[in-house]
Each structure stands twice: as C-alpha cells, then as structure tokens.
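Here the structure is laid out as structure tokens; the discussion comes afterwards.
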Amino acid sequence: MTSAAWELLVAVALVGTERKPVSAEGITALGALVDLPIEQASEEATVLTAAGVVASYRRTGFLPTRGQRSEQEPAPTDDRPEASAAASQILELLLDGHIKVPGGAAVLAAEWLGRCADRGRRPPARVLPALLDHGTRSRELRGPIVAAGGPRLAWLAGHNPNWAWAAATVTATEEEDANEVWRTGDHAARMVRLIALRSSDPAAAIELVQESWAGEKARDRAEILDVLRAGLGSADEALLEQGLDDRAPTVRGAAADLLASLPSSALAQRMTDRVRPLVVLDGRRRRQQLNVELPDEPDDQARRDGIQDQGAPRGIGQRTWWLMQLVGATPLGFWTNELGLTPAQALRSAAARPELRDGWTTAARRQRNGEWARELVADRPEPALLRALPPEDAWPAAEAALRKCTDGAVPGLLSSAAGAATTPWPASLSAAAVARLRANKNSIATEQGLTVVAAAADPSIGPELERWLGSLGPQDRLRHHLRTVVHALSIRHTIAQEFA
Amino acid sequence: PQALSIADTVDQLSTWLAANPWRDRLPVALADTVVVEAGGRWWLEDPAGDRLRLARSVEPWMMLALSDGQPGLVVGEWEDGEVVPMAITPLQDPVPL
C-alpha cells in the first residue's frame, strides 16, 4: 500500500502537479492514507502532506536485514605481548609521515618492526591497517611487516584483496595450501609464497618452480630466478641450465649469473676449461708469476654461458672485457686449488692486471667467498665486496677502507657497510664513520654519508653528532641536515630502548 | 545509550523518529556485533543474525583490526538507514574508525 503511494508521490513530485495531475481517485486514496481532513480543492496540499506522512512511515517502519548468519572465523590468537605504549606511538608517527628523517621514515619503521619481532612483541591492533597499506606500496617493508604483524595481521589481510601479499604467507603454512597459492594465486601472493618457501625449504621451492616453469611469462621467469638467488644450490642447476636457452635475454642473463655463482655447476666447469689454456705460470714456488693471456672471440657455447660483447667498463678493450667475464664466472678454487696460489699471491702477481682483479672481485661476490673477499677488500676497498662478506668481516674491512678511500667514495662505502647486515653497526665503525665524515671536504658526500649514518649507525653515536652540530656556525649549510640526522638517531635510540 | 540488540535498536529508532521525524542522525549502541561482508557490502551483524548496513564512506579495516572478528560493542550514528561507527570496544583508548 505505502510503496504504491510512494511511487505515485515520487512521480508527481518530480515534475509537479501541473504537468502530472493526480486523478480524483489518487487524491482520495492519498487522503485516506493520510487520514487527515484534506481539502479536495488543493492537489498540492494533498500531495505534500501525504509525502510527509509516507516518508516518515517508511523511515520509522524499516526493518533490519536478516540473512544467513555469517560464518566468519575470528582472528587466531597471538600470545606475544603488545609493544609498549611509547614504542607504539613512535610507530604510528612513522607510519603517518609525521616524522621526517633523512632517507625516509620507512627505514626506521623497518628497524622498529625488526626489533619488535626479535623481542617477541606484537604491534598494537590499531596500526595493522596502516602497516598493510605501507607494505602494499613498498615491497621491502613486507618481510618485516609480516614477521612483526603475526597471525592477526595475516587474518586481517585476508579480508582485502589489496593485501593478498600478507595473507598468503600465513594461510599457506601447510605445504598443500602453499602449492595451491602458487598454482592459483595472483602475482604478488605467488612471489611472497615462493620467497617464504625458499627460505624454509629451498628444495621444495625449486620443485614448485619446475612444475610451472613452462607456463610462466618471461617477466615472471626473471623474477622467479631472482628469488632463487637466496638458498642457491646444486638442486637448482637443471632449471638454470634450461634457462640458458630461454627466449628472453633477461632470463638467459640471470640464469648465467646464478650458475656462475655455483662453483660446482657445469657452467663453472666450462668457464674453468676456457680460462685454463690462457694461464701461464712462470718461476718457482713462492716466486710464481701469474700471467693470463687475452682470449679469442667467444664461440657459441661461451655466448650461451653468458659471455657478452656489450657492457664493458669505459676504456676496457673487447678482449680484456671477455677475459674479465670469464674470470668472473670461474670458480675461485681454480686459482687456489688447481694452480696452488693463495689469494694474496694471486693479487700480488696480477698487480699490473686490473682486469684480473675485477674478475676475481665479481667471482668473490658471486660465490660469496669470504677468503678472497677479505684479501680483495684489504687491497682495495670495493663497496660491492663488502656485501659479500659476513658482517663480522665486512665491518672491520669497512672501517679500514674508510681510512684509505677518497672523500667522494665515502658514501658508497658506508651504504655497502650498511647493506652487509640488517643490524646497526658496532660502535667503533659508527665512530669511525662520523670522524671520517667530519674530516670530509666534499660537502655533498658528507650529506649523503650522514644519511647512511642516520639509518645504520649505532644510536649511541648521537651525542658525538650533537657536539659536531654545536661546533657548526649558524650559517653552516650542513646544520639543517645534521639536525635531522641527530633527530633520526634519537628516535632509533628510543626504539632500541623500548625493545631492550 | 544502553547497548541493544539490532532488533531493539531499530525499535528504539522508530520510536524516536515517530516522535520527531525531522531528526536525520541518531545515536546507536549495538551489543555483540561483528563486522561481516555480504553481497559486496560490509554490515554489522548481531547474534540473532540481524544486520545493519555500514555506511559506504566507512572502511571496515580498522574495526576488523581492533575487534579481531570477535563480537563487541559498536557505538555510532544511525544515518539514512546506515550506521556510521565511531568507536568499538575496548573503549579505554578510542581510535578513529
């Protein structure tokens, strides 16, 4: 009854009673509905009064929707105690963008999350949506977010398709679920799943990849190979060897790079066979002189193994470039075990051959060979090498290198030292970095270096920086930047204390 | 207001509106409700299975995060047949929804 009246009223109200006159029966019906003494003469009054009454009736008479009761699982419990109120407030400010620090607040947020997870605490529930939004935008935060967020974050992520990257890791704790995510999930969820599986069970990860490899897009194939870099082992060789014949150049390049990182691979053996005829050892033991001839043009097999014409550093000739690539892909054991040279001997006898040094540097980085890396770093600090060293070697090496390197090279060196580990530097390296920057004459390098210090140095170095700040003149261009670095370190100091 | 079931809340709203139809926003306090998704919309649902629609302008994520999917008290405004939540239990430290 009312809905018919309502439709009539809406139709009339839209165009007016002049254009859409209400019939006599309509007026009577509306009048009866309203049950008020309405003058038959005025259509308008009838329509408006009826509209008021029917609208109120409709509003007051509504009923709630009643459906099947939803069967929604509540979040799993998380027994970890919540982070302290002070710590939680810092995280909220970091996520809101209220804290401006050099290098961005994300680095500090990552440190917060890492310390939180390490101490067996959990972030408060109110930051979980913001954490998931941040992780959706920046991939590098996803690992720390998932670790700190725990089962409640994963449960929440399951409700929003944008957050699938965080949901997959925990709903897929079971092997079968994991495989299901890999077969049917979207790109982000699949990659998160693969990264997690690769770190827990590298062999299972490669099996999973082999199953779907033929159907993957070229871009995904390259990204998958990038994931396999972690936990690389001989079980991966078959797939990588197949990758050398891939249609996509990026996939071929990545496969060759990974096989060259595996000293036991057939590719590494083939590279050794290419280098061996070029090597000439003169002189007696202990006084041996190493000479390596330049190679001829690579054959098709060598090109399949990743030797390229392009990509030579400036001023390097074609044949020298081929040699650098060959040495970079040859197992370092060839020089030490087969030729009987120590890394130090090899470096000494190749003093006039920078291309050999560069090749060994590439090989040490790829094969994560600490013995060679230490020797190479001591000889010439190469930022890329610091990342190949375990932190306890990388830090002293960086400290030593700080004394030798040019002013302009300091920031690169510091960021490599920061990349060697996710934990802050020890106090001695932190102090050495600040002292070196204070003596630095290159102001751009000083600013860049300070940005690294803000994120990676031991927070206890703060007072030293404040003394530096106090010594600057009021017009000094460095003042502003240095103040933000001090600010960042004081926040990091508080974070460390809250999770002490 | 006292926390009510959804059915009682709707009765209460009708009484208020009948007394004063010009009100367009009214307070609600819904007992033991969970946030659920159905038919592409988010709803507040109580143990009887009654549902009130969450306003389109409201994102459910904070409510889900704070409640962990457990039933709780929701305080808010009723407006145009939908609920605009303002706080959920625990109320000691209210967070904007």
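Note on the stretch A:359-406: residues that are in contact (Cβ under 8 Å) with a residue 40 or more places away in the chain and over 28 Å from the mean Cα position of the chain (by Cα) total 1. Output the residues belonging to the stretch A:99-151 that are part of a loop (DSSP other than H, G, I, E, B) and more than 14 Å from chain B (Cβ to nearest Cβ). Once the filter is applied, which keeps residues that are part of a loop (DSSP other than H, G, I, E, B) and more than 14 Å from chain B (Cβ to nearest Cβ), the stretch A:99-151 yields A:99, A:100, A:101, A:102, A:103, A:104, A:119, A:120, A:121, A:138. Scanning the stretch B:1-25 for residues that are assigned to a loop (DSSP other than H, G, I, E, B) and either within 11 Å of chain A (Cβ to nearest Cβ) or in contact with a strand residue (DSSP E or B) (Cβ under 6 Å, 6 or more places away or on another chain) (or both) gives B:1, B:3, B:5, B:20, B:21, B:22, B:23, B:24. Filtered by the rule that a residue be basic (Lys, Arg), surrounded by fewer than 14 Cβ atoms within 10 Å (Cβ to Cβ) and touching a residue at least 40 places away in the same chain (Cβ under 8 Å), the stretch A:61-106 gives a lone residue, A:100. Can residue B:57 be described as closer than 26 Å to residue A:56 by Cβ, more than 11 Å from chain A (Cβ to nearest Cβ) and over 13 Å from the mean Cα position of the chain (by Cα)? For residue B:57, the condition - closer than 26 Å to residue A:56 by Cβ, more than 11 Å from chain A (Cβ to nearest Cβ) and over 13 Å from the mean Cα position of the chain (by Cα) - is met.
Within the stretch A:40-68, the set of residues being at pLDDT below 75, out of contact with any Lys or Arg (no Cβ under 9 Å at 6 or more places or on another chain) and facing another protein chain (nearest Cβ under 9 Å) comprises A:68 only. Quick check: is even one residue across the stretch B:68-77 in contact with a helix residue (DSSP H, G or I) (Cβ under 6 Å, 6 or more places away or on another chain), polar (S, T, N, Q) and either under 25 Å from residue A:126 (Cα atoms) or within 11 Å of chain A (Cβ to nearest Cβ) (or both)? No, there is no match, as no residue in the stretch B:68-77 is in contact with a helix residue (DSSP H, G or I) (Cβ under 6 Å, 6 or more places away or on another chain), polar (S, T, N, Q) and either under 25 Å from residue A:126 (Cα atoms) or within 11 Å of chain A (Cβ to nearest Cβ) (or both). The set of residues in the stretch B:41-97 being within 22 Å of residue A:167 (Cα to Cα) and loosely packed, with under 14 Cβ neighbours inside 10 Å consists of B:59, B:70. With respect to (1) in a helix (DSSP H, G or I); (2) touching a Ser or Thr at 6+ places or on another chain (Cβ under 6 Å), the lone exception for residue A:430 is condition (2). What are the residues in the stretch B:44-54 that are on the phi < 0 side of the Ramachandran plot and either facing chain A (nearest Cβ under 7 Å) or of a type outside the set (A, V, I, L, M, F, W, C) (or both), if any? The answer is B:45, B:46, B:47, B:50, B:51, B:52, B:53. Just one residue in the set B:36, B:28 is touching a residue at least 12 places away in the same chain (Cβ under 8 Å), within 15 Å of residue A:64 (Cα to Cα), surrounded by 15 or more Cβ atoms within 10 Å (Cβ to Cβ) and within 11 Å of another protein chain (Cβ to nearest Cβ); that residue is B:36. Of all residues in the stretch B:78-97, those satisfying the criterion of being within 13 Å of another protein chain (Cβ to nearest Cβ) and either outside any loop (DSSP other than H, G, I, E, B) or of a type in the set (Ser, Thr, Tyr) (or both) are B:78, B:79, B:82, B:83, B:87, B:88, B:89.
The values are calculated or read from the model by the stated rules, or taken from the named source; none is laboratory data. Being a predicted model, the structure only gives us computed values, none of them experimental. Every residue, glycine as well, gets a Cβ built from its backbone with ideal geometry; the counts of neighbours run over all protein chains shown.
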